[in-house]
Amino acid sequence: MSSDFEGYEQDFAVLTAEITSKISRVPRLPPDEKKQMVANVEKQLEEARELLEQMDLEVREIPPQSRGMYSNRMRSYKQEMGKLEAEFKRSRIAYSDEVRNELLGDDGNSSENQRAHLLDNTERLERSSRRLEAGYQIAVETEQIGQEMLENLSHDREKIQRARERLRETDANLGKSSRILTGMLRRIIQNRILLVILGIIVVITILTAITLFVKGH
């Protein structure tokens, strides 16, 4: 399940990078190419929204104990998507203003172009910062998961060691019980032998007494 999410994640990263590049190129394109580029970006934004929906569905299928990390990544991607849409909206507004100025015979103001360029650079820096932050967060969450796995392995190892100690104790107790039973059986056999010997002695004594009594008469 997580492999499907990571596949969608890679597609989303490639797609958003392409959208960012195209949005930054819109102000510098000739009018005809701008119109085509705007339509292309709209199509790719729709594809990105569909990818986010697929990723959201995948996250819902992930077990709750592993879902937190993916939910945080989804929030980051949705924020990035919102920024892209806002930037594209500003780019479209600037494009509409430029078309209107061309229709009115106004070439525009160089200060406005500079402001738009500065805004574009600022947005790029913000997106880069968000991606770095998201990468750092993923690294921290991965480290936490690794620590939890190591702790679980340590607990399992302790349980196995305790189970082995119990088996050793059980084997020792069984050995003691076996020796005790063997000793008891040996004493029982010895007692029976003594009883047999005593019985034989009593019989011989009786027979001897009878014989002597008969000879005396």
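One chain, two ends: R75 and E47. Fully extended at 0.36 nm per residue, the span grows by 8.3 nm beyond their Cα-Cα distance.
Computed over segment 10-65, the alpha-carbon pair-distance distribution with 10 angstrom bins reads 22, 40, 22, 11, 4, 1, each value a whole percent. Within straight-line reach of K22, meaning a Cα separation under 25 Å, sit the following lysines at least 8 residues removed in sequence or on another chain: K34, K35, K43, K78, K83, K89.
Segment 26-75 and segment 138-202 have Cα centres separated by 62 Å. Overall shape: prolate for segment 144-210, with the ratio a/c of the largest to smallest alpha carbon gyration tensor axis at 1.5 or above and a/b above b/c.
For the listed peptides 55-66, 80-91, 165-176, a ranking on the average number of other beta carbons within 10 Å per residue, highest first, reads 80-91, 55-66, 165-176.
Ranked by the mean number of other Cβ atoms within 10 Å of their residues, highest first, the peptides 153-164, 3-14 fall in the order 3-14, 153-164.
Each reported figure results from applying straightforward, stated rules to the coordinates on display, with no laboratory input. Since the structure is predicted, the reported quantities are computational estimates derived from the model, not experimental observations. Quick reminder, even Gly has a Cβ in these numbers, built from the backbone with ideal geometry, and neighbours come from all protein chains shown.
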